[in-house]
Amino acid sequence: MVNPQMVIYEEEFNQIQAAVTNLVKAANARVVFVVDKNGQLIAAAGEVDDLDTTSLASLTAGNIAATGGMAKLLRENEFATQFHEGKDAHIHIQLVGNRVILVVIFDSKSSLGLVRLRVRKSTEELNTIFESLDRKPEKTTNSGSPFAEITDEDIDNLFND
Amino acid sequence: MTFINLMAREINCKIVYYGPGLCGKTTNLELIYNRTKPDAKGKMVSLATETDRTLFFDFLPIELGEIRGFKTRFHLYTVPGQVFYDASRKLILKGVDGCVFVADSQIARADANEESLENLKENLAEYGMNLDEIPYVIQYNKRDLPAIMEVDELRSLLNPDGVPDFEAVASEGRGVFETLKAVARLVFMELKKSGSAGLGGPSGGSGGGAGPARGLGGSGRAPAGGGGGTPSRSPAQRPPEQRPPEQRPPEQRPPEQRPPEQRPPEQRPPQQRPPGGGPPGQRPGQRPGGGGPPGGPSRPPLRRGPGGGSGPKGPPPPPPRQR
């Protein structure tokens, strides 16, 4: 089986982006981002400029994968929620529908209780969006794919130093 | 799983470097990191022990440039090579788009190579994948060490299907970018073959052809393996569907009879890890990288760096590991 692709369309991307932007405000968070379980960053909002979101996304996915491995050893399905408390910054990690990860970074301006409450609502919202995304390939056609016509020249051009 | 963001016009792919302990997977990534332009790479993350042995994974995001108006980003991962980290290795393979098997050319590591390759197949199978179906290349690393196997011998052991393979001295950069380019090419070919099923999103602006390359290895220091042009007969250009089927049935391999706890510990203290991952004292590479005779007509040509060998050299300073 060749690995399937995850495609994010404009409509869903905007919905996801709106959801994380809303969550930043609602939870009084510093940063919120959504990562797929393979470590690819899908959307981010908040004070992301001074943050290496790519590395954070990869490490979050690694964290979730490791925790999932521990869950299996304990015959649990998953550990859907994680919380890491630091001196100034705290991270709340939530699995959404066992397909993507919702990460909230917050500080003393917020609280764990508020974050958990808001995350719960956002999780439902994101779940709905990703379920819609899952159904999308059935409604669309292959026409318009920019990759079906990739030429060797296109690929070679990538490697011209 | 290739991640395509039609809104941001990005393609993100995951490449995993697999191989036995101390074969040079991390060294490959460090070399790529050191020789890639700053604006085309992110931070390299290494989850390693205090003795610089990979504990969970190394991670390096790089950007290759644009193709058909889409930014192409590759996330490079290594796995921990040590046998007892199998659970971690398996996790990292999840969602892999392309795989590089880094083999240690040393005779003493022949069994470790085979064991690791078998482990790769087993772990992929748990995700419903197999090496025949995913972009996959092999790198024969440490070609500068004295006690190494001939390339043909390595091929017969590790590459019966004739996937693209490369000689390398990762610590010096030889063969590193050739390997990366080959697997990236196969990933794109796979993307082309699949036609990005279901892509019906915004089509505007996708017909612009390839954009400017961001410059792999283009930081003014050319890769030792000779980055530049693509050979006229590139094994990586062979469509994946033309790969011959797996010829060696798994049952021909003797099962591992030694329980993990009886494995001898790594022979070398980790803190003495040389840049190329080879044992200390074996670095003065006198052996040309030319390897054995050329393969048969169906065998893809092995890419070699200029001169075919690294020549006698002292050990270069180890690249900094960034945590």
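Per-atom-type breakdown for region B:7-71 gives carbon and sulfur 50% of the accessible area (1.4 Å probe, protein chains only). The GluC sites (Glu not before Pro) of region A:26-128 that meet both conditions, a loop assignment by DSSP and at most 13 other Cβ atoms within 10 Å of the site Cβ, are A:Glu47, A:Glu76, A:Glu78. Convex hull of alpha carbon positions in region A:1-155: directionally averaged projected area 11.7 nm².
Shielding of A:46-59 by partners, i.e. mean partner chain Cβ atoms within 10 Å per residue?
If you average over the peptide's residues, the count of other-chain Cβ atoms is 3.
Please find the FRET efficiency linking B:Ala147 to A:Arg99, where r is the Cβ-Cβ separation and R0 is fixed at 56 Å, and quote it to the nearest 0.05. FRET efficiency, B:Ala147 to A:Arg99: 0.70. Entry for region B:51-202 at q = 0.10, 0.16 Å⁻¹: log10 I(q)/I(0) = -0.38, -0.98, Debye formula applied to identical alpha-carbon scatterers, no solvent contribution.
Amide hydrogen proximity for B:Arg68: with H placed 1.01 Å from N in the peptide plane, the residues at 5 or more positions away or on another chain lying under 5 Å are B:Gly209, B:Ala210, B:Gly211.
The length gained on full extension between B:Phe84 and B:Ala108, counted as 0.36 nm times the residue separation minus their Cα-Cα distance, comes to 6.7 nm.
Taking all Cα-Cα distances within region A:1-69, those exceeding 20 Å account for 37%. Springs between Cα atoms under 10 Å define the GNM used for chain A, and in it the highest mean-square fluctuation of A:Val48, A:Val24, A:Val100 occurs at A:Val48. Accessible area per residue for region B:1-146, computed on protein heavy atoms with a 1.4 Å probe, is 26 Å². In the calculated pair-distance distribution of region B:116-198, the portion above 15 angstrom amounts to 65 percent of the Cα-Cα pairs. Please enumerate, by chain and number, the lysines with C-alpha under 25 Å from the C-alpha of B:Lys192, excluding those fewer than 8 residues away in the same chain. Counting by Cα, and skipping residues close in sequence, B:Lys192 has these lysines nearby: A:Lys37, A:Lys136, A:Lys139, B:Lys14, B:Lys41, B:Lys71, B:Lys94, B:Lys121, B:Lys181.
How much length is gained on full extension from A:Glu78 to A:Thr21, taking 0.36 nm per residue of separation minus their Cα-Cα distance?
17.8 nm
Fully extending the segment from A:Ser111 to A:Asp152, taken as 0.36 nm per residue of separation minus the present Cα-Cα distance, adds 9.4 nm. Result for chain A in a Gaussian network model with C-alpha springs under 10 Å: among A:Leu56, A:Leu73, A:Leu117, the largest mean-square fluctuation is at A:Leu73. Peptide B:84-93 has a mean shielding of 2, counted as Cβ atoms of other protein chains within 10 Å of each residue's Cβ. Leaving ligands and nucleic acids aside, the A/B contact buries around 5100 square angstrom of accessible area in total at a 1.4 Å probe radius. The trypsin sites (Lys or Arg not before Pro) found in region A:42-144 that occupy coil by DSSP, while having at most 14 further C-beta atoms within 10 Å, are A:Arg75, A:Lys87, A:Lys109.
Let me confirm one metric for peptide A:31-43, namely the mean number of other chain beta-carbon atoms within 10 Å of its residues' beta-carbons.
Average neighbour count from other chains, rounded to a whole number: 4.
The values are calculated or read from the model by the stated rules, or taken from the named source; none is laboratory data. Since this is a predicted model, take the numbers as computed values, not measurements. FYI the Cβ positions are ideal-geometry reconstructions off the backbone, even for glycines, and counts take in every protein chain you see. SASA here: full protein model, heavy atoms, side chains in, ligands and nucleic acids out. Shrake-Rupley method; radii C 1.70, N 1.55, O 1.52, S 1.80 Å.
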